[in-house]
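Report on one structure; see the data block that follows.
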Amino acid sequence: MPSKSNIMMTYALLVFIWATTPLAIVWSVSDLHLMWALVIRFFIALPIAILLLLILKIKFPVDKVAVHSYVAGSFSLIGSQIFTYAATPYLSSGMIALMFGLAPIMAGIIGRFGFNQKLQYLQWFGMFVAVCGLAIICISGGASQHVHPIGIALMVMSVFTYSLSIFWVKKVNATIEPMAQATGSILVSTLGAICLIPFIWQYAPTHIPETKSLLALIYTVVMASLIAMFCYFKLVQNIKATTLSLTTVMTPMLAMLFGAMLNNEYPSATVFIGAIVLLFGLFLYFYKDLKASRELARKLKHH
């Protein structure tokens, strides 16, 4: 079991990577067809992941349970990312991250109806408030060039697939090293990416992308596909799914800040109000968990 400080460092790194990834995705598709950017991302990530496994001498199991776990994990990669990349022409990077803030709510709904997990009244109310926030954002869509209903619908699909993956990996519960799990999921995602090629062949890149697009693509490979997935699967094995979903509450505000600073993405006042309402809904949804973890921390301090 990793130490508490190790888990906290992993958690902080994951929040930073996920807050910067939407901007990297938006930049990576600025000079590349968006689906080619996704395919190339996995083509580069897979050999690096395999190389890391060999260098670190990590066992890569291929039994039935392990393969099932890799397939489940791939849903948080290519399964979710197909919709995210498709949403980039319609949404700003901050909006993409804000939509991922809905992951805990989606996880709560999947847990309630798919796995019979109980939800408190405050959690239902938090969900309602968050959905109201999303509605405010959608209504203002016409006034803002960074918000479009099609993009929002695609992101809802993306977040659903991602949340489903968390539960699926937990349910399979394979005892696999996080790096092996990440590599297996990248491998399955790469096979999925190969299946995409016939449909996007006519958009194949005919030139080397510009530096910004290329660097952003490398960032999505190294940070988002490899390091983030390693952190993610490490946390999936060591902390509760709801606590892991909390990362998506922190990332939207950071992502909006990065988007404004680095990409001139300034949301309209209505979008900003909607974002605050949505995040307040998430805060209500997590209030009981936050209170419980603070109580636990206080007890541990006294012991």
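The values are calculated or read from the model by the stated rules, or taken from the named source; none is laboratory data. Just so you know, these numbers come straight off a predicted model, no measurement behind them. Cβ atoms come from the backbone with ideal geometry, glycine included; neighbour counts cover every protein chain shown. Each accessible area value is taken on the protein alone, full model and side chains, heavy atoms only, with ligands, DNA and RNA left out. Shrake-Rupley method; radii C 1.70, N 1.55, O 1.52, S 1.80 Å.
Odds and ends about this structure:
- Using a probe of 1.4 angstrom and keeping all protein chains present, the accessible surface of segment 215-256 works out to 31 square angstrom per residue.
- Among Ile96, Ile78, Ile136, the largest mean-square fluctuation in a Gaussian network model of the chain, built with springs joining Cα atoms closer than 10 Å, belongs to Ile136.
- Listed residues Ala260, Ala86, Ala269, most fluctuating in the chain (Gaussian network, C-alpha, under 10 Å): Ala269
- Total charge dipole magnitude, the chain, about the Cα centre, Cβ charges on Lys, Arg, Asp, Glu only, Debye to nearest 20: 1180 debye
- Estimated from helices alone, the mean residue ellipticity of the chain at 222 nm is -25000 deg cm²/dmol (sum of -39500 (n - 2.57) over DSSP H runs with n ≥ 4, per residue).
- Å² per residue, accessible surface of segment 1-104 at 1.4 Å: 41 Å²
- Kirkwood hydrodynamic radius over Cα pairs of segment 12-89, then Stokes diffusion coefficient at 25 °C and 0.890 mPa s, in µm²/s: 170 µm²/s
- Relative compactness, the chain, computed as alpha-carbon Rg over 2.2 N^0.38 Å: 0.99
- Within straight-line cross-link reach of Lys288, aspartates and glutamates at Cα separation under 13 Å, skipping those fewer than 8 residues along the same chain: none
- The calculated Kirkwood hydrodynamic radius for segment 1-52 is 13.2 Å, given to one decimal from all distinct C-alpha pairs.
- Residues of type lysines that Lys59 reaches as a straight line, Cα spacing below 30 Å, ignoring anything fewer than 8 places off in the same chain: Lys4, Lys170, Lys171, Lys234, Lys240
- Solvent accessible area, Å² - Thr251, 1.4 Å probe, full protein context: 0 Å²
- Of the solvent-accessible surface of the chain, computed with a 1.4 Å probe over protein heavy atoms with every protein chain present, carbon and sulfur atoms account for 72 percent.
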